[in-house]
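Q: Sharing a structure, written as structure tokens. Questions coming.
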Amino acid sequence: ASFEPETGLFTAVALTSGYGPDNHEAAVACDLLADEDEGQELTVLGDCAYGTGDLRAHLQADGHTLVIKPPPLRKAIPGGFTIDDFRIDTAAGTATCPAGHTTNLGQVKADGARTAQFKRVCTDCPLRGRCTTSKTGRTLNVHPQHELLAAARAQAATDVAWQNEYRRWRPPVERAIAWLVAKGNRRVPYRGVIANNIWLHHRAAALNLRRLINLGLTRANDSWHLTPATA
């Protein structure tokens with residue numbers, strides 16, 4: 001669902017199948033924002049499910065401001081190093097580990113990813129216990145949009161303005177989700193995507209109407225007006 005937190009209104013909803021890359025939250029998000037006015041710059045808020053490199057690249061290319069929480073990094077060893085502790089230079093095709101060892105990035109794969117294998121340099125490395133348990137040394141998988149994702153993680157960790165913006169708008173969005181699933185609506189009522197998608201649109205429309213009435217929507221002379229609601 002796409003939600004406008006200042007007014008508390010759903011702007012778009014979609015129900016899709018629960019599996020497959022085309023039905024991932026980040027993939028569906030592009031369609032939800034497609035009806036926005038072309039050229040309009042938005043601030044797009046989302047949790048880590050929407051933090052993929054592809055969606056970030058798409059939204060930034062359209063000029064939007066991203067307040068999307070990046071997915072957490074997996075650590076090969078609890079409390080150990082992540083890829084952000086390595087220095088990745090995709091232009092030079094190299095990766096340097098926290099101990100200062102440098103190796104080449106492999107050839108670009110079909111999905112755009114590259115791999116750095118440190119192999120023998122890990123054998124006697126004093127930092128090995130914080131880096132890998134593999135007998136063959138650390139292997140580093142570098143995402144096609146590594147720079148974009150690394151910059152997003154750095155911003156989320158250090159940018160106070162970004163953190164305040166995310167904290168400010170997250171509660172209204174979570175409240176909207178709570179409205180959507182309230183009163184037994186966490187589970188869809190029908191069989192099949194089409195019927196449930198229609199149901200979801202009707203539910204979002206009803207919630208929007210309730211919200212507009214609470215905001216002061218009134219009817220006069222066969223037209224609707226939004227006026228400040230009275231207590």
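The numbers here are math on the coordinates, done by the rules we state, and not lab data. Every value quoted in this text rests on a predicted model; they were computed, and no experiment measured them. Here the Cβ positions follow ideal geometry from the backbone for every residue, glycine too, while neighbour counts run over all protein chains shown.
Q: What does the C-alpha gyration tensor say about the overall shape of region 44-106? Classify as rounded when a/c is under 1.5, otherwise prolate if a/b is larger than b/c, or oblate.
A: oblate
Q: Run the quick spin-label model on A14 and V188: label points 7 Å from Cα toward the beta carbon, then report their separation in nm to one decimal.
A: Taking the two extended label points, one gets 1.4 nm.
Q: Assuming R0 = 41 Å, can you tell me the calculated FRET efficiency for the pair A110 and L215, based on Cβ-Cβ distance, to the nearest 0.05?
A: Details: r = 50 Å, r/R0 = 1.23.
With R0 = 41 Å, the Cβ-Cβ based efficiency is 0.20.
Q: Let me ask something else about it. Just how large is the dipole of region 1-62 about the Cα centre, in debye to the nearest 20, putting +1 at every Lys and Arg Cβ and -1 at every Asp and Glu Cβ?
A: It comes to approximately 280 debye.
Q: Pull out a ≥ b ≥ c, the square roots of the eigenvalues of the alpha-carbon gyration tensor of region 79-204, then state rounded if a/c is under 1.5, prolate if not and a/b is larger than b/c, and oblate in the remaining case.
A: Prolate, since a/c reaches 1.5 and a/b exceeds b/c.
Q: Which residues in region 78-115 place their backbone N less than 16 Å from a point set 7 Å from the Cα of T133 along the Cα-to-Cβ direction?
A: Inside the label zone: 78-82.
Q: Taking 0.36 nm per residue of sequence separation and subtracting the Cα-Cα distance, how much length would be gained by fully extending the chain between R120 and A195, in nm to one decimal?
A: Stretched fully, the R120-A195 segment lengthens by 21.2 nm.
Q: Along region 68-79, what does the Karplus equation 6.51 cos²θ - 1.76 cosθ + 1.60 (θ = phi - 60°) give for ³J(HN,Hα), rounded to whole Hz, x for Gly and Pro?
A: 10, 5, x, x, x, 7, 7, 9, 4, 9, x, x
Q: Grab the beta carbon distance between A154 and R74, set R0 = 22 Å, and tell me the FRET efficiency rounded to 0.05.
A: Calculated transfer efficiency: 0.80.
Q: Here is a follow-up. Give me the one-decimal nm value for the distance between modelled label points at A91 and E147, 7 Å along each residue's Cα-to-Cβ direction.
A: According to this spin-label approximation, the distance is 0.7 nm.
Q: Please report, in debye to the nearest 20, how large the charge dipole of region 74-115 is about its Cα centre when each Lys and Arg carries +1 at its beta carbon and each Asp and Glu carries -1 there.
A: With Lys and Arg at +1 and Asp and Glu at -1, about 100 debye.
Q: Can I ask one more? If you stretched the chain out fully between A61 and A49, how much longer would it get, using 0.36 nm times the residue separation minus the C-alpha to C-alpha distance?
A: 2.4 nm
Q: Please name whichever of G53, H64, L105 sits farthest to the positive end of the charge dipole of the chain, dipole taken about the Cα centre and charges placed at Cβ: Lys and Arg +1, Asp and Glu -1.
A: Value computed over the given set: L105.
Q: Show me, bin by bin at 5 Å from 0, the whole-percent P(r) of the chain based on Cα pairs.
A: With a bin width of 5 Å, the distribution comes to 1, 5, 11, 13, 14, 13, 11, 10, 7, 6, 4, 3, 2, 1, 0, 0, 0.
Q: Dipole size in debye (nearest 20) for region 43-134 around its Cα centre, Lys and Arg Cβ +1, Asp and Glu Cβ -1?
A: 400 debye
Q: Given the -39500 (n - 2.57) contribution per DSSP H run of 4+ residues, what per-residue ellipticity at 222 nm results for the chain, rounded to the nearest 500 deg cm²/dmol?
A: Computed mean residue ellipticity for the chain: -10500 deg cm²/dmol.
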